[in-house]
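Q: Provided herewith is a single structure, encoded as structure tokens, for subsequent inquiry.
The values are calculated or read from the model by the stated rules, or taken from the named source; none is laboratory data. Keep in mind the model is a prediction, meaning the values are calculated, not measured. No Cβ is skipped: glycine too gets one built from the backbone with ideal geometry, and neighbour counts run over all protein chains shown. What goes into the accessible areas is simple: the full protein's heavy atoms, side chains included, and nothing from ligands, DNA or RNA. Shrake-Rupley method; radii C 1.70, N 1.55, O 1.52, S 1.80 Å.
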Amino acid sequence: MAERLAIDHVGHQGDGVAFADGRSVFVPYTLGGETVDTDVVAGHPDRRRLLRIESASPQRIVPFCRYFGTCGGCAIQHWQTDAYRAWKRQIVVDTLARTGIECAVDELIDAHGCGRRRITLHARRGADRELCTGFAAPHSHAIVAIEDCPVLDPALNGALDAARALAAALAAVDKPLDIQVTATGAGLDVDVRGSGPLSSRLIASMARLAEQYRLARLTRHGELVLMRSPPVLDIGTAQVTLPPGSFLQATAAGEETLAALVAKHCKGARQIADLFCGVGPFALRLAQGARITAFDSDAGAVAALQKAAASTAGLKPVKAEVRDLFRRPLMPSELRDYDAVVFDPPRQGAQAQVQQLAKSKIPVVVAVSCNAATFARDARILIDGGYRIESVTPVDQFRHTPHVELVARFVRGR
């Protein structure tokens, strides 16, 4: 039976929030002030399926993608831009407030740029045993086959066709595949995972497809199948050859925006530690004016960073070290020679490392985060350890989603 609900506001995950029987329920693709007809999602009593909009918000706009609502990639394309931007900034404000942190939060910086430069496509057989290649449906393992995606960087042109062809070539393996595609200066870099060991015949078939689709490189579980040209990326004045399946910021504009904020917050520092450094989006830029020591648990990323730094003229010394900062964080005694520390951890944050930073005497700590909740937890530790939060800047490189990046500067209390 349909249930009519009044949507109160948009929650932090992008769903409309209504109140039914004294509790919050969540209705995707709705906006505050709307009246909608819904039904219950089986097995999820706090979720509703939108059936019809009885009374629409004046801020509602027409989504631009034909797959919106069936593909799980975007949660919000139906909201007027200014209202959407204010909501995304407010996510950061509210999350900090819940941890007792009061500070100014800058206006949201849009860093979508040309669009996403890396994607992971999934290839699965459906209930009808037909092979489907695309993105996951919302809150589901079902795959939505897509022909195009308007939020992708044009540099990913051809990625969907190449992924479908690779999935079809491996169809006989009959295993779920994840196909990561990254746009590089040399072309598309593709890593296929989930296939397990392959016969020489299937490897040869994959190599032919790499040639046909003019991929820069094709790997399987990180092992090389074919490389037509090294997949390089410009980072500052350096060129980095990417390890297979390596992590990058989602958009080129996002990386540049975050790096510019980090550089501004580190201005004047001569000795900087870059923690969770990856392939060096901050280290290689900061090295134009400071000596850098970089740490990450990913040996491939560390090697790529070190090689790029060694082959780039005009940089200050860069030392990169493999270290698991979750299990073996840098201790205060190891941090004493640095003027500034930058840390950019995965979504789970950097609690173990931050506990040691809070005990150190580092004058400036710059935090980069893709998760406002774990950032707030880590920021609370620094503040309780005597740091003062000077600025927080939210950055939107995952436009049309609830994900928000942020950069913050902490200084020893003065």
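Q: Arg89: open to solvent by less than 70 Å² (accessible area, probe 1.4 Å), out of contact with any Asp or Glu (no Cβ under 6 Å at 6 or more places or on another chain) and either assigned to a strand (DSSP E or B) or within 30 Å of Val181 (Cβ to Cβ) (or both), yes or no? Lay out the reasoning, then the answer.
A: Numbers: open to solvent by less than 70 Å² (accessible area, probe 1.4 Å): yes; out of contact with any Asp or Glu (no Cβ under 6 Å at 6 or more places or on another chain): yes; either assigned to a strand (DSSP E or B) or within 30 Å of Val181 (Cβ to Cβ) (or both): no.
So Arg89 does not fit the description; no.
Q: OK, next. Any idea how many residues of the stretch 1-16 are open to solvent by 60 Å² or more (accessible area, probe 1.4 Å), assigned to a strand (DSSP E or B) and more than 22 Å from Thr95 (Cβ to Cβ)?
A: 2
Q: Could you list all residues from the stretch 325-368 that are free of Cβ contacts under 8 Å to residues at least 40 places away in the same chain and open to solvent by less than 10 Å² (accessible area, probe 1.4 Å)?
A: To start, the set of residues in the stretch 325-368 that are free of Cβ contacts under 8 Å to residues at least 40 places away in the same chain comprises 326-329, 331-334, 336, 347-349, 351-352, 354-360.
Of everything in the stretch 325-368, those that are free of Cβ contacts under 8 Å to residues at least 40 places away in the same chain and open to solvent by less than 10 Å² (accessible area, probe 1.4 Å) turn out to be Gly349, Val354, Leu357, Ser360.
Q: Now for a separate question. When you check Phe19 against the structure, is it part of a strand (DSSP E or B) and among the aromatic types (Phe, Trp, Tyr), yes or no?
A: yes
Q: Checking Gly72 against (1) of a type outside the set (A, V, I, L, M, F, W, C); (2) touching a strand residue (DSSP E or B) at 6+ places or on another chain (Cβ under 9 Å); (3) over 26 Å from Val41 (Cα atoms), which single condition isn't satisfied?
A: Condition (3) is where Gly72 drops out.
Q: Further question: Just one of Glu34, Glu54 is open to solvent by 60 Å² or more (accessible area, probe 1.4 Å), at pLDDT 95 or above and touching a strand residue (DSSP E or B) at 6+ places or on another chain (Cβ under 7 Å); which is it? First the steps, then the outcome.
A: On the way: Glu34 fails: open to solvent by 60 Å² or more (accessible area, probe 1.4 Å).
After applying the criteria, what remains is Glu54.
Q: Then there is this: Which of the residues spanning the stretch 292-324 are among the β-branched types (Val, Ile, Thr) and open to solvent by 60 Å² or more (accessible area, probe 1.4 Å)? Lay out the reasoning, then the answer.
A: Looking only at the stretch 292-324, we keep the residues that are among the β-branched types (Val, Ile, Thr), and these are 292-293, 302, 312, 318, 322.
Listed by number, the list holds a single entry, Val322.
Q: Just to be sure before I move on: is Leu224 outside any strand (DSSP E or B) and modelled with pLDDT of 95 or more in the structure I sent? Lay out the reasoning, then the answer.
A: On the way: outside any strand (DSSP E or B): no; modelled with pLDDT of 95 or more: yes.
When the stated conditions are applied, Leu224 does not pass them.
Q: Identify the residue in the stretch 102-139 that is assigned to a loop (DSSP other than H, G, I, E, B), open to solvent by less than 40 Å² (accessible area, probe 1.4 Å) and modelled with pLDDT under 95 and, among all such residues, is nearest to Pro231 (Cα to Cα). Steps first, answer last, please.
A: Just the residues of the stretch 102-139 that are assigned to a loop (DSSP other than H, G, I, E, B), to begin with: 102-104, 106-108, 111-115, 117, 126-130, 137-139.
In the following step, the residues that additionally are open to solvent by less than 40 Å² (accessible area, probe 1.4 Å) were identified as 108, 111-112, 115, 117, 126, 137.
Narrowing the set further to residues that are modelled with pLDDT under 95 leaves 126, 137.
Values: Gly126: 33, Ala137: 30 Å.
It comes out as Ala137.
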